[in-house]
1. Please specify each residue of the stretch 54-80 satisfying the condition of being of a type in the set (Val, Ile, Thr) and in a loop (DSSP other than H, G, I, E, B).
2. Can you pull out every residue in the stretch 467-498 that is of a type in the set (Asp, Glu) and modelled with pLDDT under 90?
3. Given (1) farther than 24 Å from residue 695 by Cβ; (2) at pLDDT 90 or above, identify the lone condition not met by residue 47.
4. Whether any residue in the stretch 528-547 is in a loop (DSSP other than H, G, I, E, B), in contact (Cβ under 8 Å) with a residue 24 or more places away in the chain and within 19 Å of the chain's Cα centre (by Cα) is what I want to check.
5. Kindly provide the set of residues from the stretch 81-103 that are assigned to a loop (DSSP other than H, G, I, E, B) and surrounded by fewer than 18 Cβ atoms within 10 Å (Cβ to Cβ), ordered by number.
6. Quick one: which strands (runs of 3 or more DSSP E) sit completely within the stretch 410-456 and have at least 1 residues that are of a type in the set (Gly, Ala, Ser) and surrounded by 22 or more Cβ atoms within 10 Å (Cβ to Cβ)?
7. Hey, can you tell me all the residues within the stretch 384-409 that are loosely packed, with under 15 Cβ neighbours inside 10 Å and in contact (Cβ under 8 Å) with a residue 40 or more places away in the chain?
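The values are calculated or read from the model by the stated rules, or taken from the named source; none is laboratory data. Remember, predicted model here, so these are calculated numbers, not experimental data. Here the Cβ positions follow ideal geometry from the backbone for every residue, glycine too, while neighbour counts run over all protein chains shown.
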Amino acid sequence: FNNDFLLDVVVGNLNNKSVSVLLHFVGGELTSESAYASGGGSDLKYVIAGDFNNDTHQDLIVANYGTNNIGVLLGNGTGTFANQINFTMGSNSHPASIAAGDFDKDGQADLAVANYGSKYIGMLLGNGKGWFTSQVVYGDSMNFAPSVVAGGDFNNDGQTEIVVAYDDSDNVDVFVAFDTGFFYPKKTYPTDVGPWSVAIGDFNNDNQLDFVVTNSAANTISILFGYGNGSFAIGPTYQTGKRPSAVAVGDFNNDNQLDIVVANMNIDFTKIDSHLLLIYLGYGNGSFVLSSYALTGMGPAAMVVADFNNDKQLDIIVANSYQNNVSVLLGFGNGYFADQVTYLTGGAPVSIAAGDFNNDTQLDIATANTNDGNISVLLGYGNGSFADQVIYPTGTLPAFVAVFDFNNDTRQDIVVANSGDSNVGLLLGYGNGTFANQTTFIVGNSPGALAVGDVNNDNRLDIVVTNTGDNTASVLLGLGNGAFREPAVYSTGALPYFVVLADFNSDNRLDMIVVNYRDSRVGILLGYANLAFVKQMTLITGNGSQPKSFVIGDFNKDNQLDIAVTNSGTNNMGIFLGYGNVSFTLQKTYATGSSPRSIASGDFNNDTILDIVVANSGSDSVSVLFGYENGSFSNQTTFTTGFESKPYTVAVGHFNKDIFLDIAVVSYGLSNVYVFLGYGNSTFVGESAFILGFGSSPISLAVADFNNDKQLDFAVVNEGTDNLKILLETC
């Protein structure tokens, strides 16, 4: 802490609500240099040291259990510290433990906080200047109170993961820092009456995305022009036929300007606009002209635009919901289309999607058939014709279908919104034109439309679903293996009929447009980054084990991080060897003393293999277990810490500058810090105890050089005196 190149010590004092800093002098002797109060009722529980403002001086962060905050004490480099800056963790949160790591991969230290009272792990992102963002608690809530947290990069991706132990639990959990892809509250824009569907494109060639909306009750389409910042200007409207339903965009006349095609769904079948496509050619300045029309089947509900016959001209396929078929209209490239050719589907196809289902480089199609509760798959021949349908069952009232690769096997899968079952069904493709039975994922009430994209920028496809029954949108974040996390829910307007995803404000994050039929408005929800901790896996430590602490290191020299945990209820230490992908072996245990409470690692016998030391609060001792290269350990060697000492915390470092690692132990019962000096040959000698004061009851220890003298100092959290004491090494 004082830049003398010796590690100093910080200790938390329970009773007088302070921390103590002990500066280290050359011979391993410590002197009580200063104490820092943490505020009345702070009930200090934990302390860590690190450089959190990038000034090369060691700083301290304490967990103030009683006042529901964490305190940051920025170091001056002389063994002294600035006044504490507090960051709230929320009412009755009771922070009990802190870990530092880089959770957002920006090169700055962030914090993970175990909130014992609220049963949450909080995340505070650091700016590298000693300041942290407000706590993020969007991650999983726990059934047990988290008591200790530690961080490590378990998959070598440069991002820190965390391990959490709980009070009265028999497992530890591994969490990853995950971008949950949240959306800001919606902004709304008026349309004409009864907006139904939407399509996106740059209609005025300003390199900003615009969109077009069909207004089924007003028989119009509305154009809205994007400014590129997530806001839009109201553009012109154009008359359509009756009940315009679907809309799509594409360059149908090869003039390099986007055009619009609208399907009209007039239920009066005696009228021509009950089965009509209208083509609006674009001028490239945001204006359009009605140019031509094409006949479809009855009740065109959806369409897809692509080149289905490989002539480099755009074609259109329409799902005809009243005639149980699809119409294929091949484009001539001049804004006109050949007469329709129809293919049978199931009952009432209301949605259609295209993709290459059998890996023959030719486009195939799938329709969602709402009356029959199934989807139809029609394989394409590449000349604009298709094979007869193959039927796959779905849930009740399938309302929307999309095609993407959700499990990263290079094969197209199908996702369908099952409106009657309030879920989405995923049918994984085999790559030969056939599909597995659906797997379902619960969403909101009566899902009606869906969109697919990577909303949290993790290179895995996610699904956004609009739920007409409860006026919400559900976001399911994909795991990249065909599974999804529990949905996040966002409020929309009334009767959200359609949704699309695109980046409307050029921040490289997908935003959401929702068409709200009953409100006659569209809602824009802008996406933003939101890191939270989500559970990756649970490591079982055994019945009655009650793990209290852990240390992270490479114990078997395979360049992957492993976890060692103290199991206070079963009086042993457990080892989980890491595979390098945030998964671990089953636990292997080694006997310790009674009620092991704290653990640290270091090479105590100079064989380049990590060893472990454990503080046994129930048997007044420390256990040293020497490691072998295969990740196994010797039987314990024990060293007494004194009668009724109750050692709570252990740390390792070079406390007498002899190149051999030593051990420092905080004794809760005797209110001291005891140092065992190591000889580098697996043996230790008890050197001296540093008294912290009667009733200090120290519970946590951090070791660093607080005064830049190249000697390690101590910072001790004293629960009894509720302060932080700094002990500087003196000789």
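1. 56, 67, 78, 80
2. The answer is 486, and nothing else.
3. If we test residue 47 against (1) farther than 24 Å from residue 695 by Cβ; (2) at pLDDT 90 or above, just (1) comes out false.
4. Yes.
5. 82, 83, 90, 91, 92
6. In the stretch 410-456, 413-418, 423-427, 447-453 are the strands (runs of 3 or more DSSP E) which contain 1 or more residues that are of a type in the set (Gly, Ala, Ser) and surrounded by 22 or more Cβ atoms within 10 Å (Cβ to Cβ).
7. Of everything in the stretch 384-409, those that are loosely packed, with under 15 Cβ neighbours inside 10 Å and in contact (Cβ under 8 Å) with a residue 40 or more places away in the chain turn out to be 385, 388, 391, 393, 408.
This table checks each residue for (1) in contact with a Phe, Trp or Tyr (Cβ under 7 Å, 6 or more places away or on another chain); (2) among the charged types (D, E, K, R); (3) modelled with pLDDT of 90 or more.
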position: 674; (1), (2), (3): no, no, yes
position: 684; (1), (2), (3): yes, no, yes
position: 691; (1), (2), (3): no, no, no
position: 697; (1), (2), (3): yes, no, yes
position: 700; (1), (2), (3): yes, no, yes
